[in-house]
1. Within chain A, which is the longest segment that contains none of the trypsin sites (Lys or Arg not before Pro) sitting in a DSSP loop with at most 11 other Cβ atoms within 10 Å?
2. Considering all projection directions equally, how large on average is the shadow of the alpha-carbon convex hull of segment A:569-622, in square nanometres?
3. Enumerate the calculated ³J(HN,Hα) couplings along segment B:511-525 in order (Karplus 6.51 cos²θ - 1.76 cosθ + 1.60, θ = phi - 60°), each rounded to whole Hz, writing x wherever the residue is Gly or Pro.
4. Taking the Kirkwood radius as the inverse of the mean 1/r across Cα pairs, report the Rg/Rh of chain B.
5. When DSSP assigns beta bridges and you keep just the ones with both residues in segment B:33-178, what percent turn out antiparallel, to the nearest 5?
6. List residues of segment B:47-82, by number, whose backbone nitrogen lies under 13 Å from a label position 7 Å along Cα→C-beta of B:ARG3.
7. Assuming 0.36 nm per residue, please report the length gained on full extension of the stretch A:ASP417 to A:ASP398 beyond their Cα-Cα distance.
8. Output the antiparallel fraction of DSSP beta bridges having both residues in the protein assembly as shown, as a percent to the nearest 5.
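Derivation of every value follows stated rules applied to the coordinates shown; laboratory data play no part. Everything numeric here is computed off the predicted structure, so don't read it as measured data. Quick reminder, even Gly has a Cβ in these numbers, built from the backbone with ideal geometry, and neighbours come from all protein chains shown.
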Amino acid sequence: MEQSQIGSSRKLRVFAVDPSLGKLLHQSHLNEIILSIPWAMEERRYDEPFWGPSGEYLEVVDVDPGSGLFYKPINLNDPSLLASNGLSPTESNPRFHQQMVYAVTMDTIAQFEDALGRVVLWSPRVKRGKKQYDDEYVGQLRVYPHGVRDANAYYSPEKKALIFGYFEADDTHPNIAPGSTIFSCLSHDIIVHEATHAILDGIHARFTEASNPDVLAFHEAFADIVALFKHFSHPEVLVDQISAARGDLETDNLLGQLAQEFGRALGRGGALRDALGEMEGETWKRKTPSKNQIRRLTAPHARGAILVAAVFQAFLEIYKSRTADLFRIATRGSGIHPPGALHPDLVKRLSEEAATSARHILRICIRGLDYCPPVDVTFGDYLRAMITADHDLYPEDDKKYRIAIIEAFVSWGLTPDDLRIVSEETLVWKSLDEITQNSDLKTELAEDLGTLIENPEAMLNWIEQNAKGPSIVREKLEEIAGKIGKILETTETPESTRARPNRAVSNKYSVQKLLEQNLLSLGLKANREAEWWAQKFYCQLFWAFITSPANRELLSFIGLSMDNDAPKTVSRSSLSQGLPSIEVHSVRMAARLGVRNQIEREYVVEITQRRKAYFEAGTQREQDKAVEKDKEPDFIFRRGCTLLIDATTFKVRRVIPTKGDITDNVVLERQRSYLSDVRDEPKNAFDGGSIDLLKGQAFSELHRVAGD
Amino acid sequence: MARMEPPDNGIKIRMYRQGHGDCFLMATKDANDKAFYILIDCGLKKNSELSKSKTIDKIINDIAAATDNFINVIMITHEHEDHVNGFGALNPRNNKRYFDQIDVGEVWLAWTENEDDADANDLRRRYEDTLYALLGARNKLLGVADLEAHSLKESLDELLDFEGNEEDLNEFYLTYSERLRRQPDWLGSNGDKPKLGRTRIDFKKSMQYIRKKVPKSRIRFLDPREERPHKFKNVDGILVYPLGPPRDEHLLTSLNPRGDEEFKFALSGGDRSLISAYNGENKVGRSTTGPFEKRFGYDLQEPEAIKDKEHRDFFQQAYGWGNSDHDEKAWRRIDLDWLMAAEDLALRLDDEVNNTSLVVAIELPNTKKVLLFTGDAQRGSWISWSDLSWKHPDGSTVTAKELLGRTVLHKISHHGSHNGTLKGKASDAYANLSWLAHGSYKHDYVALIPTNEVWAKDKSPPWKHPLKALEDALFEKADGRVLMTNRKYGPKFPKQPASADDDRWEEFKKNAKLKALYIECTVED
């Protein structure tokens, strides 16, 4: 059998929702679905064993320390499994659990890659080196299907691992046998939710720093949003539920709810979370939008639930407007359905509309990630990000997606607090031209940069003449080019003909060559590790452009400061006589189909600055004047901006700044007072408070309470 | 050392400065004009002395001298060591308890300590199940040479006052395990259980010691459900109203309480799976401890014995084993993650025991001023006070809200932690700080905080006892009249706030005495 003969993807069976559906007669037909994982994502030959599964992106390791056991790994390339789409869904065989977490996580990764047009990378392991912290590439996300004995599942940013728990059900729900074991790794929703945390952390590692009440809430909400809209990509469940709800999605149905079995097993009477409504006693009630609710809520899950509700409401409005004609036709204009089930053809058409609307909204949500400030994101920023992302893709909002989103966010009170008028026009992030229009600044990072980038020789010359510390830039670029060379050589050459490891890398991967071929433009064809290094490569390059003395005046327009008078707590550069330092934190390539279906690419460049910050305002003032080198800060204050730069013309198309720059004491005070509150609101009677939040390692804590 | 003389009218209150814990001695006059002494709690966290010279034996000797070796009533709020271990403190020279020299008239305890009370026994049974679960987790940690494991074990010991009782703990654990082996459904059942923990664990011994000082007939169990307030024997007029621990049938029997206020004690499904990890489930065909049939698993302790070479290679390559510091795979392992749940369980249990605190409002006969002693009561207890009322001997009805409104001396709960005192408005439907001290009582209101702030701040992570925000709120409410056992340099009067009236401030200072061993306040009646 040739690889090509078995289709383009591996097919694996999983529970459609979770094991509980198969136990209810009226839902038992929804028990199982099949997911397809492109072979290309596994980089593995089908005729070699595939234990774990441990592939290109994931490594499922089924160790259960609580029970003192390793569970036998599945071999997905076992011919009998290849032929039967994997094991059939069961609770009693841990190998099926491995198969399911693998399949669902891979499916989620694929969804992100499709939307973003680039490969998914995990956040790097940060290792304390001798002088500084070093990033280390992490190729595989670790997955532990039975890691803890707890009603809990979480993403661990330190271990780069998804850890799923299992527990005994409480004896309160009629549909769950008391004492039976509930596995969180068999809940489709929980897997997607946790996988999304990991993917988001790979894109925005600093979104785990809770600098305002929205940041962790955003992490939670985004993970829920992805899990919710995933429901609409399974036609079986979708058709069934649309039929049951008679097309009206604003009712108690599975599509708007998360983690059915988990929620019931904890004695909640229903799903763990519900984007649409809530149980009041025995009856389900639709949530009504409230502008003030958000001000009262501080806990990440509760705050996040508001964002989820707003996005879901936008989706419902779009679904309603897209199906209004179908309902008119079906009811002969009366809008009132005759009693009984809807016609299957109508259900099918409604399902298609629901699936299309969901897919589109989810894409907006995912693409919005590239339009967020690099740190300290708020729900208001995210609204602007979504609107800009969609605006740049479809300048004409002919399906009214953006209007629906804005309307929903306004009704839940999730708008940027510094905008007087909330409309598409004001929400779209500004271009550099717009920002500098009243000044005579030029708006290019380097003159003719667009042509420079086409001509590596000229580019290197420019660096030599204009960058600060050109030799250092050059050195670093060469170092990275060498690493990329090694990676690509190893993967491109067959093992037998591979050169000895110490041999110098051929000049195929010199700095110049890398500039010529731009590895970041390979999209989904990229080698992930090479892509990771290529991002570092471009970080160096953009750092050279941005910190070039010629661009100093420009910086203040994009929310950066290289002012000599900046407070002494602002981190300084060793290169330019103690001016504030600038870090190009990340460069990635966003690809999209332009209006006329041509592929357009832009660099997403995240730039940050840091400052030592203290809880005591007095200490802050002292340190601002004369910083003591060894005095540990209470927290790090970060500001900066994200730039979207057209990959061909090198025009700065969007400037996405944080609120205030690194010298802004008002914003610093706001963050200080928020963090002090968090600190003073301890999770138990003893600890001074969850300082964990400051360190960004709070997911296990967040999740242990299972959704509160 | 001298006798503690009761005031002519009213009552004197001593807050001892033994360390991070509670010890309050009160003196008033009985019907024959003789001194009548009441002691509430006596204990401190280990090593939390305010200074090396103020050890618990000095405090107890002072109590003995102050009362001429006879305390009329000892109240114990709850069983945590920082409220009881002074009672059991041993003199290392003769192995006798310092309290041996003191005789006791009556012992007053919360209803939760009553062995003839079915609800109390039910609570205790569930408490012991949980304790057992935690001991199991602790035992798992004992042998692990790992920094994280060590700090988790320390944290459990601290929370559960386990320190230094290895033998007793072991015996408790083994007896429990043995019983479970014979009768697996015993856990969480309503069946009769031996009161293992009550005599075998040190902090329980202190409680037991005081109980044994008096015949059973002279132990009173206080219950907020009672119709009438309590009286001290042969004391005219002073009434004692038990506000807590809460007694709510529903809260006690509900297995799946919602919200934090309620008693749980019972193990959740997650906790039960924690227990079954160290206590083989013995279900037919299953592995001893895992959720799957035996044939699916390999013993984690003996990876080398995995017969299937491909499987063994896979686990070795992915997870690895061995304890080398240089092990490149160690950073992603999860050997201890599952035990982290034990810490949450311990915290929950600790909070719940705090809520079993006896809370009393002591009402003086003439001015009707109230002294409020809260033990370590937390949020749930506060909530439960809201609707309480009693029949006063004069026939009127007294509500908890009225009593709180007349409070002039307030022992702050749980050393000033964030959840020992509820925030709120006077108009709120639940008891909170704003319900306290209204009308003319407002001007007399004094807050007492027993804590060793300096020691607590040194804990890792630091304990905020008191929490700054609460301290500020109290300072404002009391117009500066807040007394703490410890500031960095010993007991001091706080700075007079600009808002405080000079005469009242003088009066406050006149009524309070700051000594090396204690702070003493007089409440005139």
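1. A:132-331
2. If I average the Cα hull's projected area over directions, I get 6.3 nm².
3. Each residue's phi maps through the Karplus curve to give 7, 10, 10, 9, 10, 5, 8, 7, 10, 10, 10, 10, 10, 7, 10 Hz.
4. Checking Rg against Rh, the ratio lands at 1.02.
5. Just about 20 percent of them are antiparallel.
6. Zone members listed by number: B:65-70.
7. Length gained, A:ASP417 through A:ASP398: 4.1 nm.
8. Of those bridges, close to 75 percent are antiparallel.
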